[in-house]
Amino acid sequence: MSGRDEIMQKLTRTLDQGDGRAARQAAVRAHMAKPGGPVPSIAREEDAVGAFIERAIKADATVSRIASADDLPKALAEELRNRNLPAAIRHGADPMFAGLDWGGLETSVGIGRIEEPATLSRAEFGVAETGTCVLASGADNPVTLTFLGETHFVVLDAGDIHKGYEDMWAALRARGLTPRTVNMVTGPSRSADIGQQLQLGAHGPVALHVFVIG
Amino acid sequence: MTVQSTTPQFKQNTKDALKNANLQTALRDTRNGFVGKRAAAREKMGVDEFEGLRDAARDLKNHTLANLDVYLEMYEEQVRASGGHVHWAKTAEDAQRIVLDICRKADAKTVNKGKTMISEECGINDFLAENGIKPVETDLGEYIIQLRGEHPSHIIAPAVHVTVPEVRDEFRKAHTHLDADRNLDGLDTLLKEARGVLREKYFEAEVGITGANMLIAETGQSIIVTNEGNGDLSQSLPRVHIVMASLEKIVPTLEDSATILRVLARSATGQDMSVYTTFSSGPRRATDPDGPEEYHVVLLDNGRTDMIGTEFQDMLRCIRCGACINHCPVYQTVGGHAYGWVYPGPMGSVLTPSLIGVEEGGQLPNASTFCGRCESVCPMRIPLPKMMRHWREREFEKNLTPSAMRYGLKAWAFVAKRPWLYRVKTRAAIMALGLLGRRKGRFAALPLASGWTGGRDMPAPEGDTFMAQWKAGKRP
């Protein structure tokens with residue numbers, strides 16, 4: 001007997017002592033029709049954009065607002081200069097980036113490499129509840145850019161910021177997105193494994209900056 | 001077989017732990033960190049809302065466990081639909097064999113690992129090494145203890161027992177390709193060095209192994225929750241990704257995962273949300289430029305289906321946040337290694353006898369004062385003290401308890417079941433002790449109680465028993 005059959009038979013035999021199989025299937029259908037639990041008040045703030053920014057900063061990200069995507073090259077160049085980073089950025093094939101005039105910035109398109117001083121991704125959504133960016137992997141925004149950049153820049157439309165996780169999942173479904181990975185990112189990477197002292201910049205980015213458009 | 005335990009030597013382990021000065025320093029330094037941070041996160045969210053989420057999380061997991069076969073089938077179907085493979089492992093040996101097969105087919109020489117307790121449970125590292133494949137732990141804490149040849153002493157802070165000077169020594173010994181005279185004084189230089197060394201390893205490995213905090217039945221996704229980003233690098237850079245998860249990690253939907261996420265980080269580290277929460281499904285898509293080409297899930301049972309339908313089923317709600325461990329006075333005193341197997345603290349005291357047998361793990365449920373802090377902070381409201389009591393009963397029934405304790409318990413039960421006798425005896429004992437200790441007001445030593453008086457004085461009783469005083473009309 002295969003491991004699967006052995007495990008499933010044992011499980012079904014035990015669970016059958018309670019409700020029958022048909023009752024269990026009905027219970028599952030009922031749950032799937034109305035999933036989720038209570039939505040806390042932090043996930044119901046009226047000013048979702050304001051709450052997102054405040055909480056992202058609390059999670060050690062930095063945030064700035066720009067009026068439109070056209071302002072991104074200039075704002076990014078300034079951020080890079082202020083951080084003493086080279087005037088260069090690595091990003092994916094996202095149509096938003098392809099249509100921009102990058103001016104003096106050296107841009108390259110592709111996946112993350114072993115040394116990436118600065119990378120740029122477009123987040124699909126933001127969640128105000130915890131100041132979290134939600135990215136969808138793919139050619140437009142390769143997942144490795146999120147983790148290999150020393151400094152990770154994320155651009156996010158203010159209209160894509162949702163109050164709580166439930167709203168965000170509903171929006172993701174409505175957009176028909178089924179990427180290989182959905183990455184929730186809340187601040188830059190960190191570790192307290194040496195001496196129990198929290199330090200920013202473990203294996204992922206040392207810094208995270210979010211540009212909110214609009 | 002599962003990783004070897006030293007649990008039968010629990011008593012000796014605790015004695016060694018108490019004498020280990022480095023360990024005691026490390027434990028003292030962390031004692032209040034986790035506790036304070038969880039309390040602050042709960043306050044910040046609002047106590048009522050947080051408690052409501054704990055109820056919801058408990059109910060959600062109860063529902064999932066009661067219908068687990070249906071959800072597992074749904075999950076498996078979704079993983080297949082996304083191009084992934086599900087491998088069912090009845091035992092730890094099965095899991096080892098499955099992982100080795102995948103690694104061999106991938107012609108793997110090096111395997112990168114995110115933090116996974118299931119891999120620890122199955123002893124994957126030693127098994128791969130015996131078979132000529134090099135496992136590299138990439139979580140910073142796991143990396144440190146791998147260098148030291150140890151196992152984790154905490155499920156979310158595996159190197160919590162290691163002091164900074166010990167980390168420094170370990171790095172000097174291991175990173176011999178670096179300048180021997182380099183400055184390693186600051187914590188930041190240590191972190192940078194580990195980051196640099198491990199960054200190269202991510203690109204070398206053919207296979208990446210991670211755990212899973214949850215598995216979503218609706219979508220077939222596996223979720224990892226981390227702060228460092230090592231798990232994501234381990235699963236997105238190698239050609240093959242293996243997820244090792246036990247089968248109770250299932251939650252029905254994405255919305256349900258939000259309920260668990262809302263209590264997980266707050267209970268663990270006091271964060272509102274961990275830095276990286278990643279939902280993964282299947283191998284890279286036709287148009288994806290990165291990500292693994294193969295995606296495998298090893299679903300481990302290893303004794304868990306035997307817990308369903310028993311008084312230990314509630315334990316399967318555990319989301320491995322570590323709150324019970326952080327709040328346990330016994331853990332805070334002896335650390336994690338004394339427990340002798342993979343899972344320490346209260347959750348380990350319940351889980352270990354379930355997974356490796358009461359004969360081997362039966363001592364752990366005795367290592368509790370039943371103070372109840374573990375249950376009071378458990379986000380899944382697992383009745384840990386009650387289950388430890390069940391294990392004590394089973395240990396007693398199986399005649400595994402030492403004979404002196406058995407006779408002592410029987411004598412005590414005889415008296416306790418006869419209240420008049422109990423009252424006469426306690427009153428006599430209290431009077432005698434009060435008389436003997438009248439001069440000093442305390443005892444530095446008492447017969448049969450050296451274990452207690454070894455660390456502190458016993459105050460001499462003053463006056464009569466509570467029952468006698470109450471009867472005489474005294475009220476507080």
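Okay, here's what the table says:
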{"quantity": "Among the candidates B:P152, B:P158, residue that is within 30 Å of B:I308 (Cα to Cα), within 13 Å of another protein chain (Cβ to nearest Cβ), without any contact (Cβ under 8 Å) to a residue 60 or more places away in the chain and not in a helix (DSSP H, G or I)", "calculated": "B:P158"}
{"quantity": "Output for the range B:425-458, where each listed residue is surrounded by 12 or more Cβ atoms within 10 Å (Cβ to Cβ) and touching a Phe, Trp or Tyr at 6+ places or on another chain (Cβ under 9 Å)", "calculated": "B:L433, B:L436, B:G437, B:L446, B:T453, B:D457, B:M458"}
{"quantity": "Qualifying position, being within 9 Å of another protein chain (Cβ to nearest Cβ), touching a residue at least 40 places away in the same chain (Cβ under 8 Å) and more than 30 Å from B:A286 (Cβ to Cβ), among A:A59, A:A128", "calculated": "A:A59"}
{"quantity": "Hey, B:L409 surrounded by 16 or more Cβ atoms within 10 Å (Cβ to Cβ) and in contact with a Ser or Thr (Cβ under 8 Å, 6 or more places away or on another chain) or not", "calculated": "no"}
{"quantity": "Qualifying residues in the range A:188-212 (those that are in a strand (DSSP E or B) and at the interface with chain B (Cβ under 7 Å from one of its Cβ atoms)) - the one surrounded by the most Cβ atoms within 10 Å (Cβ to Cβ)", "calculated": "A:S191"}
{"quantity": "The one condition in (1) more than 14 Å from chain B (Cβ to nearest Cβ); (2) more than 30 Å from B:L254 (Cβ to Cβ); (3) polar (S, T, N, Q) that A:S108 fails to fulfil", "calculated": "(1)"}
{"quantity": "Sole residue being more than 14 Å from chain B (Cβ to nearest Cβ), within 23 Å of A:T132 (Cα to Cα) and basic (K, R), chosen from A:R44, A:R83, A:R90", "calculated": "A:R83"}
{"quantity": "Failed condition for A:E54, given (1) free of Cβ contacts under 8 Å to residues at least 24 places away in the same chain; (2) more than 10 Å from chain B (Cβ to nearest Cβ); (3) touching a Gly at 6+ places or on another chain (Cβ under 9 Å)", "calculated": "(1)"}
{"quantity": "Members of the range A:164-187 that are more than 7 Å from chain B (Cβ to nearest Cβ) and either surrounded by 21 or more Cβ atoms within 10 Å (Cβ to Cβ) or assigned to a strand (DSSP E or B) (or both)", "calculated": "A:G164, A:M168, A:P179"}
{"quantity": "Wholly enclosed helices (runs of 4 or more DSSP H) of the range B:236-343 bearing at least 2 residues modelled with pLDDT under 95 and more than 10 Å from chain A (Cβ to nearest Cβ)", "calculated": "B:329-334"}
{"quantity": "Failed criterion for A:A93 (all others in (1) under 27 Å from A:Q199 (Cα atoms); (2) outside any helix (DSSP H, G or I); (3) free of Cβ contacts under 8 Å to residues at least 60 places away in the same chain hold)", "calculated": "(1)"}
{"quantity": "Filtered residues of the range A:1-39 (kept if modelled with pLDDT of 95 or more and either at positive phi or not in a helix (DSSP H, G or I) (or both))", "calculated": "A:P38, A:V39"}
{"quantity": "Residue ranges of helices (runs of 4 or more DSSP H) in the range B:369-466 with at least 3 members among the charged types (D, E, K, R)", "calculated": "B:384-397, B:419-436"}
{"quantity": "Residues satisfying the stated conditions in the range B:25-38, i.e. surrounded by 13 or more Cβ atoms within 10 Å (Cβ to Cβ), over 18 Å from the mean Cα position of the chain (by Cα) and modelled with pLDDT of 90 or more", "calculated": "B:K37"}
{"quantity": "Residue in the range B:100-108 that is buried (at least 20 other Cβ atoms within 10 Å of the Cβ), among the small types (G, A, S) and either free of Cβ contacts under 8 Å to residues at least 12 places away in the same chain or within 8 Å of chain A (Cβ to nearest Cβ) (or both) present", "calculated": "no"}
{"quantity": "Residues of the range B:363-378 that turn out to be at pLDDT below 95 and either surrounded by 18 or more Cβ atoms within 10 Å (Cβ to Cβ) or not assigned by TED's automatic domain parsing to the domain that holds B:R394 (or both), as a count", "calculated": "5"}
{"quantity": "Residues of the range B:206-250 that turn out to be farther than 27 Å from A:P188 by Cβ, within 22 Å of the chain's Cα centre (by Cα) and of a type in the set (G, A, S), as a count", "calculated": "2"}
{"quantity": "All positions within the range B:2-60 that are in a helix (DSSP H, G or I), within 10 Å of chain A (Cβ to nearest Cβ) and not charged (D, E, K, R)", "calculated": "B:A26, B:T30, B:G33, B:F34, B:M45, B:F50, B:G52, B:L53, B:A56, B:A57, B:L60"}
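The values are calculated or read from the model by the stated rules, or taken from the named source; none is laboratory data. Keep in mind that what you see is a predicted model, and the values were worked out from it rather than measured. Because the Cβ atoms are built from the backbone with ideal geometry, glycine has one as well, and the counts that use them run over all protein chains shown.
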